[in-house]
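Chemist: Okay, here's the structure, questions in a sec.
The values are calculated or read from the model by the stated rules, or taken from the named source; none is laboratory data. Computed from a prediction, not measured in an experiment: that's the story for all the values here. Here Cβ is always computed from backbone atoms with ideal geometry, including for glycine, and neighbour counts include all displayed protein chains. Just the protein is used for accessible areas: all its heavy atoms, side chains included, with ligands, DNA and RNA removed. Shrake-Rupley method; radii C 1.70, N 1.55, O 1.52, S 1.80 Å.
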Amino acid sequence: HAAFLAGCRDYLKEPWSPEELSFRVAKIADTSAFATRWGSLRLRTGSAATEYGEVELSIHAYRILRVLLMQLGTPVPRAVLYYALWGRTDSDSRAVDVHVSSLRRKLKGIAGPFRSVSLIRSARGLGYFIPSAGE
């Protein structure tokens with residue numbers, strides 16, 4: 001924990017623990033722009049924007065999107081997303097899937113010419129991910 005607070009970019013290895021996720025989220029709290037295959041995506045508490053527009057986000061959608069953007073190109077397990085939302089894990093819940101589905105619909109509104117390409121992809125058996133800009 002002290003290494004993150006002292007400015008270390010990222011030093012922890014997998015597997016993820018809830019505590020590790022919390023520190024990773026806190027570490028990038030001041031980051032607001034991410035390079036995606038759609039171009040630049042600006043994320044603020046309560047909203048996401050591209051050059052094609054801006055949409056309001058619920059706190060759940062914001063947290064999911066932020067975690068996925070933190071791990072750009074890497075599948076994030078549902079359990080990690082569930083923990084980011086509620087501070088505990090529940091492997092049987094489909095709540096994360098419902099929130100991701102809603103988030104995908106909202107993001108289509110700011111996708112411009114990329115409307116046919118979902119920003120958030122599913123990795124069967126692994127979770128969800130956002131491809132990096134080059135993918």
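Chemist: Sort out which residues of the stretch 48-61 are open to solvent by less than 40 Å² (accessible area, probe 1.4 Å) and touching a Phe, Trp or Tyr at 6+ places or on another chain (Cβ under 9 Å), and write them in order of number.
Modeler: 48, 50
Chemist: Find the residue count for the stretch 95-110, including only residues that are within 17 Å of the chain's Cα centre (by Cα) and either assigned to a loop (DSSP other than H, G, I, E, B) or of a type in the set (A, V, I, L, M) (or both).
Modeler: Residues that pass the stated criteria total 7.
Chemist: Test each condition in (1) within 16 Å of the chain's Cα centre (by Cα); (2) of a type outside the set (Gly, Ala, Ser); (3) open to solvent by 40 Å² or more (accessible area, probe 1.4 Å) for residue 113 and report the one that comes out false.
Modeler: Of the numbered conditions (1) within 16 Å of the chain's Cα centre (by Cα); (2) of a type outside the set (Gly, Ala, Ser); (3) open to solvent by 40 Å² or more (accessible area, probe 1.4 Å), the odd one out for residue 113 is (1).
Chemist: Restricting to the stretch 116-128, and then to whatever is open to solvent by less than 50 Å² (accessible area, probe 1.4 Å), on the phi < 0 side of the Ramachandran plot and modelled with pLDDT of 90 or more, can you tell me which residue is farthest from the chain's Cα centre (by Cα)?
Modeler: 123
Chemist: Let me spell it out: the conditions are (1) open to solvent by less than 30 Å² (accessible area, probe 1.4 Å); (2) touching a Gly at 6+ places or on another chain (Cβ under 8 Å), and residue 132 meets all of them except one. Which number is the exception?
Modeler: Status for residue 132: all satisfied but (1).
Chemist: Got a number for residues in the stretch 111-133 being assigned to a loop (DSSP other than H, G, I, E, B), farther than 18 Å from residue 59 by Cα and touching a residue at least 24 places away in the same chain (Cβ under 8 Å)?
Modeler: Residues that pass the stated criteria total 7.
Chemist: Filtering the stretch 62-100 down to residues that are small (Gly, Ala, Ser) and open to solvent by less than 50 Å² (accessible area, probe 1.4 Å), which residue is modelled with the lowest pLDDT?
Modeler: Taking the candidates together, the pick is 93.
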